[in-house]
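Down below is the structure, laid out as structure tokens.
The values are calculated or read from the model by the stated rules, or taken from the named source; none is laboratory data. Note that the coordinates shown come from a computational prediction; the quantities given were computed from them, not determined experimentally. Heads up, the Cβs are rebuilt from the backbone with ideal geometry, glycines too, and the neighbour counts pull from every protein chain shown. The accessibility values were calculated without ligands, DNA or RNA, using every heavy atom of the protein model including side chains. Shrake-Rupley method; radii C 1.70, N 1.55, O 1.52, S 1.80 Å.
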Amino acid sequence: MFTGANSPAVLLPVEIRRTAGAPSATVNELERRLSGYIEVPVDAEVESLDLEMDIGCVWDPDEVGSIIDAYATLENSEELKERTIDILEHARRDLRSHALVRAQSAGKILGFVVIKRGIEYISSRSGTPDCIRMVHDVLAAAESEGGVLQEIIGACGILILSDVFNLHQGAGAIGNDLLESMGELEEIEPGLKMLSTESVRVECHVRGSAGSQDEVVRAFSGIIESYSGHLGDFEDADGTAGPAYVVGPFVPGNWFEDDGIERGQDSHEDLRRREILRSASLIAYSDIRRLKSEDNFMPLPGLRIPELVAEHASPDILDVASLALDPEIPHPATVFGNGAADVRRAQVRISHVGNRAFSLCAGLRRTLSLALDAGYMAPLLLDIQVCHVLGVRHTSLNERLGEVIMSQVVSDLQSLASSLTSFDGQIQIRIRVPNFVLRSVRKVVTGDWEAARVAVSAFETNHTVLEPVIEAADLWPDQGEPYSPTMLFQPMPVEIDVQSIDLYDFMEGYCSDVLDGGEVAIEKLEVLRYKKEGPQWLDLDDIESFRCVEPFLFLRGWVNGVPIPAVVSSLTLRGEEIENLSIADLIKDFVYTLASSEDGWTSVAPIPQAISDLTAAAHRLFKRSEIHVAPLNLVALRSQDSFMIFGDERSDEDKEIIVRCAHLDEYGALGADQIFLGPKSTEFIVAVHNDLRVGTVYGVERVLALFLTRRANELLEVAGPEASCSILYLSRLYVRAGLAPEGTDLTALALSEDLIRDLEKGLEYKIDRGLLGRLIKAAEGNFVRCREGAPIYMIVATIADAYERFLHELSIEPIPNAA
């Protein structure tokens, strides 16, 4: 062990760990120089949002003594108390390497966490870093009141991030030094290992000395995960870091034990097993998540076929990956489930850079188990199993999967060997894969094993790495719930002709926008249609035009081997907004919708009777008005998520879509030049559900009343629940009276039980029905005049006038509209 050049006590010490024997003078000097760039301050800040609690780091040995005295009074087992006090005493003697974060209130100690902070420079034979490690070892944690520990953990987040950030910057400076001095150093010692194109690797390890610290370790791991996932690769373009990248978190090996392991009593052997597994350190999920290729934004190229790239398959990547595969494959979330919280599991996507349809997604699971023989590891078994496979099954893809597994094996062996230097014994690798990839994986593992042993040998001290065992194992059952698809739309009332060239024109503009402008060359354009064999992606190069009764089409355009999804209205050739939708969900919904038609989407469907009833009622009430009522599922994709669409809320282009869909049964697909839009005051343009639902209520009256209520609210410029329910009451009364048989008594309608019940529910007090009847009787002249049919603006004015009278007599104070 050698302590690096940053000797001032204001900085964390750097331990230089060599994987070879005594270094040459050149290597020794290089280690000193490079480690001097690492400057992680000892005095780190913590911050808490709890204003009633003082949380901070303790740097005074006397204050540590006070904490020891306070802790000694807590009711804990004597064994735990003795161990924790020993840790606190040790921390008091070395506050440079130990952070003691305590919480107190009114001078009373409420809890604390002891963290040992260390930096390890893992030196190669040439003196350049194989990696640099930031280690946070949680030694002890205690609280006197429930919830205090959570506050301390949250406050420590800044300390953890500060350490990683400062080390990241130092590693970047090392990378810049090596790049600038490469020629000079090669002259000093030919063959000296220089910085690779992957830059300096920074590993973040979080350890816990006992099971009671798992809560703290898990929280710190989540903090590091957020950094490595979002900031771990930033470069010196913004002046913050050089060629360095962060991977992690590395967590204790006992987190990788299999489920259902029976843990023995506290015998000597059981204690030894727990000690070894807790000392072992493995990266959470998989190493491929944070590896970098020469191009920061490209997945990792393959060894045998560089064009077969591999990448960590996050839920978002799995979602997009489903677009490139057969539309009837299972939903990724159904297959892989939600293993985000399980550090043992990871998903990887392998695909060809020139054709992402040639791809597969695989789920891996890594577990550790340990057999002991007189205290020696006999062996420590690392099991890597392929649990799920989704996509194309091909020998070259299977071999690339084998390369991914070998990369993980090398990473894990290096981590295990270096973290278990205090323990002797054997390390065994077991790889279990399904039969259809067994031959390919065995070929890769046996072919690459010698190179892997060389890569690991520099990290080995007193361990024997046994030859890997490769076995066949069945795939796991699906881990997630079956996806419940949604019916997206119904057939249109007419069949239209769609030209492929028009879809190409749309897709070129759409892809150009998605790819931030510029000319786009679409290599292939496909549409999802239903055939007797089932839903299929059909190449539009093979189809000049096709007949269509679907209001929406799902397109897949290929640009540089990458599929880009789009949903377009078959009537207007206008793209739908799908940016915030799950692509896998959308595919399953389209497949379900297309498969729902027994005749393969060749028959039209008439406009629903409820839509016709609403149209007729609107014509009866609204004279000299533009009336256009369309089924919502012809206007909007995923209409079940929509309330209803009023045209006066939308642009003229959106209004035109509603108008076209409103008259398909009468005139077919109207052209834009056939559509007339009058002034807003004369428009009743609406797209509604086939059952005319308005929230939890249904019917013609509800839709028309809501429309009039909105217009009256705008005219009166009032808001608030009392105003809204009063105007809605008057609007419903007007509609009910206008659609009632001639001679119906208006006062009797006004006192209808359902109207009164809803009004009182909104006002939250009982109405004097006699007074209400007299108020309505006073307004009857205007209501009767308009009941024979009137322009929309006149009806709205009538409702507004009645509302003003209503307010005055019932002393309801309106709330001015803030807008």
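Brief remarks follow.
- Search result, residues across the range 340-361 that are of a type in the set (A, V, I, L, M, F, W, C) and touching a residue at least 60 places away in the same chain (Cβ under 8 Å): Val343, Ala346, Val348, Val353, Ala357
- Filtered residue count, the range 467-493, keeping only those that are among the small types (Gly, Ala, Ser) and touching a Phe, Trp or Tyr at 6+ places or on another chain (Cβ under 8 Å): 1
- Residue within the range 751-769 that is more than 51 Å from the chain's Cα centre (by Cα) and open to solvent by less than 10 Å² (accessible area, probe 1.4 Å) present: no
- Criterion (surrounded by fewer than 19 Cβ atoms within 10 Å (Cβ to Cβ), aliphatic (A, V, I, L, M) and in contact with a Ser or Thr (Cβ under 8 Å, 6 or more places away or on another chain)) met by exactly one of Leu74, Leu161: Leu74
- Residue within the range 457-464 that is surrounded by fewer than 20 Cβ atoms within 10 Å (Cβ to Cβ), over 33 Å from the mean Cα position of the chain (by Cα) and more than 27 Å from Ile122 (Cβ to Cβ) present: no
- The lone exception for Pro816 - which of (1) at pLDDT below 85; (2) within 23 Å of Leu621 (Cα to Cα); (3) open to solvent by 60 Å² or more (accessible area, probe 1.4 Å) it fails: (2)
- When residues of the range 145-169 are limited to those that are polar (S, T, N, Q) and over 14 Å from Tyr245 (Cα atoms), the one modelled with the lowest pLDDT: Gln150
- Criterion (modelled with pLDDT of 90 or more, of a type in the set (A, V, I, L, M, F, W, C) and open to solvent by 10 Å² or more (accessible area, probe 1.4 Å)) met by exactly one of Ile85, Ile119: Ile85
- Scanning the range 496-530 for residues that are in contact with a Ser or Thr (Cβ under 8 Å, 6 or more places away or on another chain) and open to solvent by 30 Å² or more (accessible area, probe 1.4 Å) turns up Asp497, Gln499, Gly518, Glu519, Tyr530.
- Pairs with Cβ under 7 Å, 6+ apart, first in the range 67-80 and assigned to a loop (DSSP other than H, G, I, E, B), second open to solvent by 60 Å² or more (accessible area, probe 1.4 Å): none
- Number of the exception - Glu523 against (1) farther than 30 Å from Leu364 by Cα; (2) touching a helix residue (DSSP H, G or I) at 6+ places or on another chain (Cβ under 6 Å); (3) not aliphatic (A, V, I, L, M): (2)
- Within the range 424-439, the set of residues being open to solvent by less than 10 Å² (accessible area, probe 1.4 Å) and either assigned to a helix (DSSP H, G or I) or aromatic (Phe, Trp, Tyr) (or both) comprises just one member, Val437.
- Residues considered: Val469, Val445. Of these, the only one that is open to solvent by 30 Å² or more (accessible area, probe 1.4 Å), free of Cβ contacts under 8 Å to residues at least 60 places away in the same chain, within 17 Å of Leu382 (Cβ to Cβ) and of a type outside the set (Ser, Thr, Tyr) is Val469.
- Residue within the range 587-597 that is closer than 30 Å to Val320 by Cα and touching a Lys or Arg at 6+ places or on another chain (Cβ under 9 Å) present: yes
- Test result for Ile329, surrounded by fewer than 20 Cβ atoms within 10 Å (Cβ to Cβ), touching a Leu at 6+ places or on another chain (Cβ under 8 Å) and not in a strand (DSSP E or B): yes
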